1. With the full set of protein chains in place, find how many percent of the accessible area of segment 102-160 is carbon and sulfur; take the probe as 1.4 Å.
2. Using the Karplus equation 6.51 cos²θ - 1.76 cosθ + 1.60 (θ = phi - 60°), what ³J(HN,Hα) coupling, rounded to whole Hz, does each residue of segment 157-174 give in order, writing x for Gly and Pro?
3. May I ask you to order 79-86, 57-64 by the average number of other C-beta atoms within 10 Å around their residues, highest value first?
4. Using r as the Cβ-Cβ distance of Gln122 and Val81, and R0 as 25 Å, what FRET efficiency do you calculate, to the nearest 0.05?
5. Residue by residue, what Karplus-based ³J(HN,Hα) values in Hz, rounded to whole numbers, does segment 138-148 have, using 6.51, -1.76 and 1.60 with θ = phi - 60° and x for Gly and Pro?
6. Accessible area per residue, 1.4 Å probe, Å², for segment 110-184: what's the number?
7. Given H placed on each backbone N at 1.01 Å, which residues far from Ala142 in sequence or on other chains put an amide H within less than 5 Å of it?
8. Whole-Hz Karplus ³J(HN,Hα) for segment 98-109, in order, using 6.51 cos²θ - 1.76 cosθ + 1.60 and θ = phi - 60°, x for Gly and Pro?
Amino acid sequence: MADIKRYPNDRLHAWIVRLPEAGRKPARRIGQVRTIIRSLLVLMALVGMGRPAIGAAGPELVDLVRLAEAFRLADAVQGKVWPGLEAAPFPVLLVAADREFLVRATRAPDGFESAGHSGILQAEVWQRARTFDPGLLATFPAFGPAPVIVIGRAEATEKTSTDWVLTVLHEHFHQHQMSDPGYYAQVEALDLSG
């Protein structure tokens, strides 16, 4: 019972480690925990079966991890760093050597097909043959009015993983700027094209 006082809010911990009661043996308790863990793993597998996972033709694992980290950082700090940034759309087109992968899009543009569901990104991934330069680091309305981050892999852009993730966040700020209803009119008023 000392463990219950030590961990007052963790009943599972107390249930697993407390001394045997009323004839229960520690081996039985451990067996129950193993059964629970196995059941959870089976349940997680069954939940994931409803959506096709990304196959070998999908983005490389390291790219998915980099994108997940960029999304995680944005979710953690964007509203604190720049109020309203969290409301900006966040679609990203990852440009690989032969394919392009679109994530966080509200819909798949023409020419894209599903690459499957990414458990790492918790999102659908869409793919098509490559059309953009693999070294691109930009944000623009690639498929309509919503601005899209179009970015090559870290290796193709000669960036470290950290610099690449920070570049995605920088480009997300441009998505915020371009999402302002007066953005394009204000840019036109500058008459930058001569």
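The values are calculated or read from the model by the stated rules, or taken from the named source; none is laboratory data. Everything quoted here is computed from the prediction, not taken from an experiment. Note: ideal-geometry Cβ built from the backbone for every residue, glycine included; neighbour counts use all protein chains shown. To get the accessible areas, we keep the full protein, side chains included, count just its heavy atoms, and leave off ligands, DNA and RNA. Shrake-Rupley method; radii C 1.70, N 1.55, O 1.52, S 1.80 Å.
1. Details: 1480 of 2920 Å².
For segment 102-160, the apolar C and S fraction of the accessible surface comes to 51 percent.
2. Per residue, the Karplus-derived 3J(HN,Hα) values read 8, 6, 10, 6, 4, 4, 4, 5, 4, 5, 5, 4, 5, 4, 5, 5, 4, 5 Hz.
3. Working: 79-86: 12.8, 57-64: 16.2.
So the order, starting with the most tightly packed, is 57-64, 79-86.
4. Result of the calculation: an efficiency of 0.65.
5. 8, 10, 6, x, 5, 10, x, x, 6, x, 10
6. Values: 3660 Å² over 75 residues.
The answer is 49 Å² per residue.
7. Val148
8. In residue order, the calculated couplings are 10, 10, 10, 10, 9, 10, 6, 8, 6, 8, 7, x Hz.
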